[in-house]
Amino acid sequence: MKPIKEQSLAELNETCSAVRAKIIDAVSHNGGHLTSSLGAVELITAMHYVFDPQSDPFIFDVSHQAYAHKLLTDRWDRFETLRSFGGISGFTKPKESPFDYFVAGHSSTSISVAVGAAKAIALKGETRAPVALIGDGALSAGMVYEALNELGDRKYPMVIIINDNEMSIARPIGAISLSLSNAIAAPWFQKIKSMIDGAISGNETFQYLAKRFEESLRLITPGILFEELGLDYIGPVNGHDLSSLIPVLTRARAMKKPVVVHARTIKGKGYDIAQGKQEHWHGVGPFDKESGRALKSGGEKSATAIYSEALLNLARENDKIVGVTAAMPSGTGLDKLIEEFPNRFWDVAIAEQHAVTSCAALAKEGFKPFCTIYSTFLQRGYDQIIHDCAIGALPVVFAVDRAGIVGEDGETHQGAFDVGFLRLIPNMVVFAPRDEASLIDAVRFAAALDKPCSFRYPRGSFGAQEAPFEPFELGKAQWLRRGEKLLLIGYGSGAAKALKVHNILAQNGVNAGVLDLRFVKPIDKTALAAAAENYERFAVISDSSVTGGVSGAIMEALVELDRLSVKIERFELPDEFLRHGATRQVEESLGLSAEQIAKRLLNG
């Protein structure tokens, strides 16, 4: 393939077709973010044609749409390893390539990164220009406007490309707006404007008339918000037309000021089966390219589906049950509740801080809000959990989806930290179900609790239920097996794994006990005191970080009980960011499969 900057327009279009084919082939085998990446192919190709990825910071918001960028840099021959263990990441990753400027996996950070980069470039006296690609959905987060507010004041040179593939930004007047914006951005117009500004600088009447004329132009453009923030705006432009994109981006860069380029694109462009507003094609597993059918069968019911059904049934019984999710209605299972109770359940878009605080007010007014958010996304609302919910002891329920190892999305999505960051908050109850029956009961238990609480559950299914179900009692653990000398203490999915470890040990003549801790806050000190009396070794098993995690909570309790003589072995996620790959492969790479844990305990 010829270098991008040496290609003709016809060759560039052929390159885009080749890139699309490569993306569809890789994602059909490995899964990944399909429609967002297909929709951004021409945008990214134009970025590479106009800007220099070796010097200009290329900043991708979320970066799940950056597959074309990877293919156009140094990863064409490795792209079939996308999201596989040891292969290339589904997100930008500087350790993977010097062409990836910044780690990204969460939304709405790109403009802040670009502003920081622009400050550094200015301090160095360089002429490089950051270029940020951000989707329209990411514009719902407050962080974007914090960055735009400073940028409008500081005027650092950069280009912000808005990839508008779902929301309509003033669609009825797009053609008029494009003509006006292109004219306003053109060098000849800018020069005339500067001359006129100088000519009328001493005449207040002319200044007033000129200002009113400019304001009138802005009122019929969709870029009024950006213009009012002090940023120049161009668009909307067809995001799939390189003959339009390249001149617009070239002009935007030449302006040497902050410029917003608004590009309209179609999700899934080039793959008819997935094209358009089809949420389930955003992130997909392996599928057949010809039919679009998923290659994996449905299998066991997922924890998310179990939670969704349990909450829906409870909402039908109790009209005080309400809830929110932040831009992930189908991913969290709240889509079914939003559909049936649109006035009681809401998708607040990518706005986790707002989601948490709005739930606090709902609780204040006597409702029972379920704030349903992925583990790593809940990190974005942490101050609001403390300040707005916990201090006032408001009974908000945090249903923490995607807890533990989540697989192919890697470092930015592995749900390792929620146990640690939630259990240190006063007034917060922190617990976890281990199987389907206990998750259903967790929903009812949380609904009846009069203080803030959180419970976590994994991506995918729990697996078989190997122990009798007992309803939750605040701060009470559950004995699953009685044994001798060695006690396996599991938490959440770790309790289910502890039962598997128990079975392997039993086959090797070791009769271990199994305790489902259930609560890390308040922790069951009575059960731990009894366990310390009857067992010599504790093996703590959980799918959360070892730092500030379950074993830490147990050791703190043992210190208070003066029972530290027991030996504690910890089988939790290490104090590091976990690589991407199939969950089983990641687990085995850490030595945390049931078989590996059993072997280590037998050899210990």
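What follows draws every value from the coordinates through simple rules; no lab data is involved. Just so we're clear, the structure is a prediction, and the values are computed from it rather than from any experiment. So basically every Cβ, Gly included, is an ideal-geometry build from the backbone, and we count neighbours across all protein chains shown.
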Worksheet item: What residues have an amide H closer than 5 Å to that of Ala539, excluding those fewer than 5 places away on the same chain, when H is modeled at 1.01 Å from N in the peptide plane?
Response: Leu487, Leu488, Ile489, Glu569
Worksheet item: In nm, to one decimal, how far is the modelled label at Glu290 from the one at Ser243, with both set 7 Å along Cα→Cβ?
Response: 3.6 nm
Practice prompt. May I ask for the net charge around Pro3, where only other residues with Cβ less than 15 Å from the Cβ of Pro3 are counted and Lys, Arg are +1 while Asp, Glu are -1?
Written response: -3
Worksheet item: Hey, could you pull the Cα Rg and Dmax for the range 479-604, both in Å?
Response: 13.9, 42
Practice prompt. Find which of Ala416, Tyr382, Asn427 sits farthest along the positive direction of the dipole of the range 303-456, computed with +1 on the beta-carbon of Lys and Arg, -1 on that of Asp and Glu, about the Cα centre.
Written response: Asn427
Practice prompt. Quick one: work out the % antiparallel among DSSP beta bridges in the chain, nearest 5.
Written response: 15 percent
Worksheet, complete the sentence: Any lysines whose Cα falls less than 19 Å from that of Lys5, other than same-chain ones fewer than 8 residues away, would be Lys70
Item to complete: Starting from the eigenvalues of the Cα gyration tensor, five times each then square-rooted, give me the equivalent ellipsoid semi-axes of the chain, largest first, whole Å.
Response: 50, 27, 22
Response to the item:
Taking a ≥ b ≥ c as the square roots of the eigenvalues of the Cα gyration tensor, with a/c under 1.5 meaning rounded and otherwise prolate when a/b exceeds b/c and oblate if not, the range 303-456 is rounded
Item to complete: Identify, among Ala18, Ala527, Leu229, the residue whose Cα sits farthest towards the positive end of the charge dipole of the chain, taking +1 on the Cβ of Lys and Arg and -1 on the Cβ of Asp and Glu, with the dipole about the Cα centre.
Response: Ala18
Worksheet entry | Residue-averaged 222 nm ellipticity for the chain, from DSSP H runs of 4+ at -39500 (n - 2.57), nearest 500 | -12000 deg cm²/dmol
Worksheet, complete the sentence: In nm, the gap between the two label points placed 7 Å beyond Cα toward Cβ at Ile391 and Ala120 is 3.4 nm
Worksheet entry | Calculated diffusion of the range 356-434, Stokes-Einstein form, Kirkwood radius summed over Cα pairs, 25 °C and 0.890 mPa s, µm²/s | 189 µm²/s
Fill in: Built amide H within the under 5 Å cut-off of Gly404, gap 5+
Gly415, Ala416
Practice prompt. Return Phe99, Phe377 ranked ascending by Cβ neighbour count within 10 Å, so the fewest neighbours appear first.
Written response: Phe99, Phe377
Practice prompt. Give the value in nm², to one decimal: projected area of the alpha carbon convex hull of the range 51-109, averaged over all directions.
Written response: 3.9 nm²
Worksheet item: Got the relative contact order for the chain handy, in percent, Cα pairs under 8 Å and 6 or more residues apart?
Response: 11 percent
Worksheet, complete the sentence: Reduced to Cα centres, the span from the range 324-350 to the range 543-599 in Å works out to 33 Å
Worksheet entry | Fewest-first ranking of Tyr271, Tyr382, using other Cβ atoms within 10 Å as the exposure measure | Tyr382, Tyr271
Fill in: Simple spin-label estimate for Met255 and Glu484 in nanometres, 7 Å along Cα-Cβ
7.9 nm
Discussion item. Over 28 Å between Cα atoms: which of Lys93/Lys267; Lys155/Lys267; Lys269/Lys296; Lys476/Lys497 fall into that group?
Written reply: Lys155/Lys267
Discussion item. Can you compute the equivalent ellipsoid semi-axes for the range 1-140, i.e. the square root of 5 times each eigenvalue of the Cα gyration tensor, sorted largest first and rounded to whole Å?
Written reply: 24, 18, 14
Practice prompt. Please list, in chain and number order, the residues 5+ apart from Ile234 or on another chain whose amide H is under 5 Å from its amide H, with Hs placed from the backbone.
Written response: Val260, Val261, His262
Worksheet item: When the dipole is taken about the Cα centre of the chain, and only Lys, Arg (+1) and Asp, Glu (-1) are charged at their Cβ, what size is it in debye, to the nearest 20?
Response: 500 debye
Item to complete: With θ set to phi - 60°, apply the Karplus curve 6.51 cos²θ - 1.76 cosθ + 1.60 along the range 96-103 and write out the HN-Hα couplings as whole Hz, x wherever there is a Gly or Pro.
Response: 8, 7, x, 7, 8, 6, 8, 5
Worksheet entry | Under the span-like rule (Cα at least 27 Å along the axis, Kyte-Doolittle mean at least 1.6), DSSP H helices of the chain | none
